[in-house]
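To start, the structure itself, in C-alpha coordinates.
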Amino acid sequence: MDNHGRGYGPRPEGGAGAPLDDGPPDPLPYEGVWRFTAPAVDASVPQARHAVRDLLLRQGVPASDDLVHGLLLIVSELVTNAVRHAALLSPVLAVEVAVGAEWVRVSVEDNHPYRPTALEADHGQTGGRGLLLVTEIAREAGGVCDAEHTASGGKVIWVALPLKPAR
(Lines give C-alpha, C1' and ligand atoms only; values in the text may rest on other atoms or scores of the structure.)
Protein backbone atom coordinates (compact mmCIF):
# COMPACT_ATOMS: atom_id res chain seq x y z
CA MET A 1 0.00 0.00 0.00
CA ASP A 2 1.09 3.46 -0.80
CA ASN A 3 0.61 5.74 2.22
CA HIS A 4 0.47 9.50 1.75
CA GLY A 5 -0.15 11.08 5.16
CA ARG A 6 -1.29 14.65 5.37
CA GLY A 7 -1.72 16.18 8.79
CA TYR A 8 -2.44 19.69 9.83
CA GLY A 9 0.52 21.76 10.97
CA PRO A 10 0.64 24.73 13.33
CA ARG A 11 -0.69 28.09 12.18
CA PRO A 12 1.92 30.54 11.00
CA GLU A 13 2.57 33.33 13.47
CA GLY A 14 3.00 37.02 12.73
CA GLY A 15 6.34 38.83 12.90
CA ALA A 16 8.21 39.49 16.14
CA GLY A 17 5.83 40.89 18.71
CA ALA A 18 2.84 40.66 16.32
CA PRO A 19 -0.37 39.36 17.89
CA LEU A 20 -1.72 36.06 16.67
CA ASP A 21 -4.75 36.27 14.41
CA ASP A 22 -8.13 35.26 15.73
CA GLY A 23 -8.34 32.29 13.34
CA PRO A 24 -9.47 28.83 14.34
CA PRO A 25 -7.73 27.21 17.29
CA ASP A 26 -4.78 24.92 16.66
CA PRO A 27 -5.93 21.40 15.81
CA LEU A 28 -5.70 18.72 18.45
CA PRO A 29 -2.68 16.40 18.09
CA TYR A 30 -4.75 13.61 16.58
CA GLU A 31 -6.54 15.72 13.96
CA GLY A 32 -5.64 15.34 10.30
CA VAL A 33 -6.39 13.74 6.96
CA TRP A 34 -4.55 10.67 5.68
CA ARG A 35 -5.02 8.98 2.31
CA PHE A 36 -3.52 5.82 0.88
CA THR A 37 -4.07 3.83 -2.27
CA ALA A 38 -4.20 0.08 -2.77
CA PRO A 39 -4.73 -2.31 -5.66
CA ALA A 40 -8.33 -3.53 -6.00
CA VAL A 41 -7.49 -7.08 -4.92
CA ASP A 42 -8.67 -9.26 -2.02
CA ALA A 43 -5.40 -8.83 -0.09
CA SER A 44 -6.11 -5.10 0.20
CA VAL A 45 -9.08 -5.69 2.52
CA PRO A 46 -7.10 -6.77 5.60
CA GLN A 47 -4.25 -4.42 4.66
CA ALA A 48 -6.62 -1.43 4.62
CA ARG A 49 -8.19 -2.49 7.91
CA HIS A 50 -4.78 -2.83 9.58
CA ALA A 51 -3.56 0.48 8.12
CA VAL A 52 -6.59 2.33 9.53
CA ARG A 53 -6.27 0.62 12.93
CA ASP A 54 -2.56 1.46 13.11
CA LEU A 55 -3.21 5.06 12.07
CA LEU A 56 -5.83 5.57 14.79
CA LEU A 57 -3.46 4.13 17.40
CA ARG A 58 -0.40 6.04 16.18
CA GLN A 59 -2.26 9.36 16.15
CA GLY A 60 -3.77 8.76 19.59
CA VAL A 61 -7.35 9.22 18.37
CA PRO A 62 -9.59 9.07 21.47
CA ALA A 63 -11.93 6.42 20.09
CA SER A 64 -13.62 3.74 22.16
CA ASP A 65 -12.98 0.07 21.38
CA ASP A 66 -16.55 -0.17 20.03
CA LEU A 67 -15.99 2.78 17.69
CA VAL A 68 -12.70 1.36 16.40
CA HIS A 69 -14.31 -2.05 15.89
CA GLY A 70 -17.18 -0.44 13.95
CA LEU A 71 -14.81 1.66 11.83
CA LEU A 72 -12.69 -1.36 10.95
CA LEU A 73 -15.76 -3.34 9.97
CA ILE A 74 -16.87 -0.40 7.80
CA VAL A 75 -13.45 -0.21 6.13
CA SER A 76 -13.54 -3.97 5.46
CA GLU A 77 -17.00 -3.78 3.90
CA LEU A 78 -16.29 -0.70 1.76
CA VAL A 79 -12.95 -2.01 0.47
CA THR A 80 -14.51 -5.43 -0.19
CA ASN A 81 -17.25 -3.76 -2.23
CA ALA A 82 -14.70 -1.79 -4.26
CA VAL A 83 -12.67 -4.96 -4.90
CA ARG A 84 -15.69 -7.08 -5.87
CA HIS A 85 -17.68 -4.56 -7.88
CA ALA A 86 -15.30 -1.91 -9.20
CA ALA A 87 -11.96 -3.63 -9.86
CA LEU A 88 -12.58 -4.10 -13.58
CA LEU A 89 -12.90 -0.33 -14.16
CA SER A 90 -10.84 0.72 -11.15
CA PRO A 91 -7.70 -1.35 -10.56
CA VAL A 92 -6.69 1.04 -7.74
CA LEU A 93 -8.83 2.27 -4.85
CA ALA A 94 -8.19 4.99 -2.28
CA VAL A 95 -8.93 4.97 1.43
CA GLU A 96 -9.07 8.24 3.33
CA VAL A 97 -9.27 8.78 7.06
CA ALA A 98 -10.14 12.26 8.32
CA VAL A 99 -10.18 12.96 12.04
CA GLY A 100 -11.61 16.11 13.59
CA ALA A 101 -11.92 17.19 17.20
CA GLU A 102 -15.20 15.30 17.65
CA TRP A 103 -15.55 12.93 14.69
CA VAL A 104 -13.78 10.48 12.41
CA ARG A 105 -14.60 9.93 8.76
CA VAL A 106 -13.50 7.01 6.58
CA SER A 107 -14.08 6.87 2.85
CA VAL A 108 -13.28 4.53 0.00
CA GLU A 109 -13.01 5.90 -3.52
CA ASP A 110 -12.88 4.05 -6.84
CA ASN A 111 -13.23 4.99 -10.49
CA HIS A 112 -16.36 2.94 -11.19
CA PRO A 113 -19.40 5.15 -11.89
CA TYR A 114 -22.01 2.79 -10.35
CA ARG A 115 -23.38 4.14 -7.07
CA PRO A 116 -24.39 1.20 -4.84
CA THR A 117 -27.53 1.05 -2.74
CA ALA A 118 -28.08 -0.87 0.46
CA LEU A 119 -30.06 -4.04 -0.14
CA GLU A 120 -32.79 -5.17 2.21
CA ALA A 121 -32.06 -8.18 4.39
CA ASP A 122 -32.88 -11.39 2.53
CA HIS A 123 -32.28 -14.36 4.77
CA GLY A 124 -31.95 -16.70 1.78
CA GLN A 125 -29.09 -14.64 0.35
CA THR A 126 -25.55 -15.23 1.63
CA GLY A 127 -24.05 -11.90 0.52
CA GLY A 128 -24.89 -8.47 -0.72
CA ARG A 129 -25.72 -6.85 2.62
CA GLY A 130 -22.41 -5.09 3.30
CA LEU A 131 -23.70 -1.58 2.66
CA LEU A 132 -26.79 -2.32 4.78
CA LEU A 133 -24.43 -3.31 7.61
CA VAL A 134 -22.35 -0.13 7.09
CA THR A 135 -25.41 2.13 7.25
CA GLU A 136 -26.68 0.34 10.36
CA ILE A 137 -23.32 0.72 12.17
CA ALA A 138 -23.29 4.41 11.27
CA ARG A 139 -26.88 4.92 12.43
CA GLU A 140 -26.34 3.14 15.75
CA ALA A 141 -23.23 5.23 16.44
CA GLY A 142 -25.03 8.50 15.67
CA GLY A 143 -23.13 8.97 12.42
CA VAL A 144 -23.93 9.34 8.75
CA CYS A 145 -23.13 7.44 5.57
CA ASP A 146 -23.37 8.61 1.96
CA ALA A 147 -22.06 8.08 -1.56
CA GLU A 148 -20.99 10.84 -3.94
CA HIS A 149 -19.76 11.00 -7.50
CA THR A 150 -16.20 12.21 -8.01
CA ALA A 151 -15.01 14.73 -10.58
CA SER A 152 -13.26 11.89 -12.43
CA GLY A 153 -16.55 9.99 -12.89
CA GLY A 154 -16.05 7.49 -10.08
CA LYS A 155 -17.54 7.47 -6.61
CA VAL A 156 -16.61 7.81 -2.98
CA ILE A 157 -18.52 6.08 -0.19
CA TRP A 158 -17.99 7.69 3.21
CA VAL A 159 -19.03 7.25 6.81
CA ALA A 160 -18.58 9.85 9.56
CA LEU A 161 -18.92 8.80 13.19
CA PRO A 162 -18.76 10.86 16.39
CA LEU A 163 -15.78 10.12 18.64
CA LYS A 164 -18.08 10.25 21.66
CA PRO A 165 -20.92 7.69 21.83
CA ALA A 166 -24.36 8.82 20.72
CA ARG A 167 -26.75 9.56 23.58
Rounded to the nearest 10 Å², the accessible area of residue 149 at probe 1.4 Å | 120 Å²
Reported to the nearest 10 Å², residue 64 has, with a 1.4 Å probe, an accessible area equal to 50 Å²
Which order do 84, 139, 115, 49 take when ranked by solvent-accessible area (1.4 Å probe, heavy atoms of all protein chains), largest first?
-> 84, 139, 115, 49
Report the label-to-label distance for residue 164 and residue 133 in nanometres (one decimal), using points 7 Å from each Cα along the Cα→Cβ vector.
-> 3.0 nm
Given charges of +1 on the Cβ of Lys and Arg and -1 on the Cβ of Asp and Glu, with all other atoms neutral, how large is the dipole of segment 46-95 about its Cα centre, in debye to the nearest 20?
-> 160 debye
Here the FRET efficiency for residue 156 versus residue 101, based on Cβ atoms and R0 = 25 Å and rounded to 0.05, is 0.65
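The values are calculated or read from the model by the stated rules, or taken from the named source; none is laboratory data. What you see is a predicted model, and the numbers here were worked out from it, not measured in a lab. Ideal geometry is used to build each Cβ from the backbone, glycine not excepted, and the neighbour counts take in all protein chains shown. Heavy atoms of the whole protein, side chains included, go into the accessibility calculation; ligands, DNA and RNA do not. Shrake-Rupley method; radii C 1.70, N 1.55, O 1.52, S 1.80 Å.
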